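S.K.: Below you will find the structure I want to go over with you.
The values are calculated or read from the model by the stated rules, or taken from the named source; none is laboratory data. Bear in mind the structure is a predicted one, so any value in this text is a computation, not a measurement. Here Cβ is always computed from backbone atoms with ideal geometry, including for glycine, and neighbour counts include all displayed protein chains.
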Amino acid sequence: MNEEAKPGPGVRGLIQNYVSFVGLVIMFTALACIVLLFVIDLTQRTENPYFGIVTYVLLPGVLILGLAIVIIGIIRERNRRRLSPDSELSPYPKIDFNDARQRRVATLLLISSFLFVSMSAFGSYKAYHYTESVEFCGQTCHTVMKPEFVAFQVAPHAKTRCVDCHVGSGAQWYARSKLAGTRQLISLVLGNYSRPIPTPVHNLRPADQTCGHCHWSDKFHGAKLKTFNHYAYDEQNTHRQIRMLISVGGGNPKTGRVSGIHWHMNTANEVTFISTDEQRQVIPWISVKDRQGNVTEYYDRRRALTPDQVVSSSKRVMDCVDCHNRPAHIYVPPDVAIDQALASGKLDPSLPYLKRQSVEVLSRQYNTTDEAVKAIAAHLQQFYRTNYAAVYSEKNASIVSAIGEVQRIFQTYTFPEMKTDWQTHPNNIGHLYFSGCFRCHDGEHVSDTGKVIRNDCNVCHTVLSDSAGPRASVKSESFQHPVDLGGLANRKCESCHKANEPFKHPVNLGDISDFQCVECHPRE
């Protein structure tokens, strides 16, 4: 009679090998860390980007790696025993639920599998939501994303999640964003990412699917009152205030009037353009289709494209971000940032030449942020100690406060390590420091019939008052510069307005360089 084959060892026996032991150690260590960090994550009050990454992304991966090592060890041990001359192992495990021992093993395996799958599902859910958070987008990669994250904190959309604009809803765009994120992660690891991060984002989701969720393009906004506070570079930091009505406009032809700046975004109008640079600052061709379906093409007569170039060039239909191109990451110029700080009381305007000195030190080139912070403190301290000893003694607290505020401004809008500041990222709202509106509204874009896209200032805004003028109200039919520009009157604003340096007169004024402009250029 043949002797009945002995039952082979179960999983418990096969797991007794060094490879599986290593896998078990990795698994239980990862599991203990996950539980500990999960409890900490539930109890802490502040968001920490590293907790989310480690708890819901890295450690679950380590846990799965440990499980894989355990399985590899079991397979190796089984194959080793099968190849042994004395082995009576069958090619495959024998499963018999009539065996009480196998029933216990199966029950334990089912419970463990259920717990593991449940934890994996929960971890995947948390990982998904964590990768959608502002902390993950902005703080995971400190050096690379620091400019975007810091500027985002003081921008109008600071309460909006990054993914609401950069991804939006839907599986297709989510998958595309994660694929793009994978490429960016590779660039980060290799260190070959761009400095600065290039803009605009050419694969950004259409604005009507992101911005349009909160901003209704058909709504008629009318005009908005805006007040601009400017401070001179003179000793007194002379204050100048301009009040104007901005013709925001908008509207739907079915329900009311269509007018103002948002005429461009009215659903019945379509503006298409060609840009010849990556940042969409040079626009030599524009096509406008009105609500009746009439199409008018405009060519920049200074850099006109040939018909073949128009046909072969990539065209873009204008949407919100072509003007509002810095809605969430605004790098404010030094001139504007100091004006805002003076107007809000964060800087003391009684400190002589504070505007001039602050803009000067902010505009220097630095290799690191630490170098800039030290240079700002040393420059302002030295200036007042040397030139205004009495002020330095009497208003030392204001000087110290001013140093802190100027350092904050630098750290908010300038990032030497990423070669990022206001000059690397043009802002198309307005036209003071960049062409902005004048990319198209420059009086140089002409149709075949001679129709010109005009650059009349009052198309978009009406000045109500200017404290630099001879009277409180300077409302007029056409914008009047507070200084008689003579032959420079037709130049664009940004050709003279440099936000990173005080205005330099084209003529050497000598001892009268501190005079107010209106003293020599009175406006009638």
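S.K.: Would you check if I64 is modelled with pLDDT of 75 or more, over 30 Å from K146 (Cα atoms) and part of a helix (DSSP H, G or I)?
M.R.: So I64 fits the description; yes.
S.K.: Here's a check for you: in segment 393-417, which residue that is within 30 Å of P198 (Cα to Cα) and hydroxyl-bearing (S, T, Y) is surrounded by the most Cβ atoms within 10 Å (Cβ to Cβ)?
M.R.: T414
S.K.: Tell me which strands (runs of 3 or more DSSP E) are completely within segment 236-295 and hold 1 or more residues being modelled with pLDDT under 85, or say none if there are none. Give the steps one after another, and end with the answer.
M.R.: Values: elements: 239-246, 270-274, 285-289.
So the answer is none; nothing clears 1.
S.K.: Only residues that are over 20 Å from T272 (Cβ atoms), touching an Asp or Glu at 6+ places or on another chain (Cβ under 9 Å) and either part of a loop (DSSP other than H, G, I, E, B) or not hydrophobic (A, V, I, L, M, F, W, C) (or both): list them for segment 415-442, please.
M.R.: If the condition is that a residue be over 20 Å from T272 (Cβ atoms), touching an Asp or Glu at 6+ places or on another chain (Cβ under 9 Å) and either part of a loop (DSSP other than H, G, I, E, B) or not hydrophobic (A, V, I, L, M, F, W, C) (or both), then P416, T420, H431, L432, Y433, F434 are the ones that fit.
S.K.: Here's a follow-up. What is the residue count in segment 418-440 for residues that are crowded, with 21+ Cβ neighbours inside 10 Å and at positive phi?
M.R.: Matching residues across segment 418-440 total 1.
S.K.: Would you check if D290 is acidic (D, E), surrounded by fewer than 18 Cβ atoms within 10 Å (Cβ to Cβ) and within 19 Å of H425 (Cα to Cα)?
M.R.: Working: acidic (D, E): yes; surrounded by fewer than 18 Cβ atoms within 10 Å (Cβ to Cβ): yes; within 19 Å of H425 (Cα to Cα): no.
Against the criterion (acidic (D, E), surrounded by fewer than 18 Cβ atoms within 10 Å (Cβ to Cβ) and within 19 Å of H425 (Cα to Cα)), D290 does not qualify.
S.K.: Also: Out of all the residues in segment 443-451, is one or more of a type in the set (K, R), part of a helix (DSSP H, G or I) and on the phi < 0 side of the Ramachandran plot? Step through it out loud before you land on a result.
M.R.: Looking only at segment 443-451, we keep the residues that are of a type in the set (K, R), and these are 451.
Within this subset, residues satisfying the condition of being part of a helix (DSSP H, G or I) are none.
There is no residue in segment 443-451 that is of a type in the set (K, R), part of a helix (DSSP H, G or I) and on the phi < 0 side of the Ramachandran plot.
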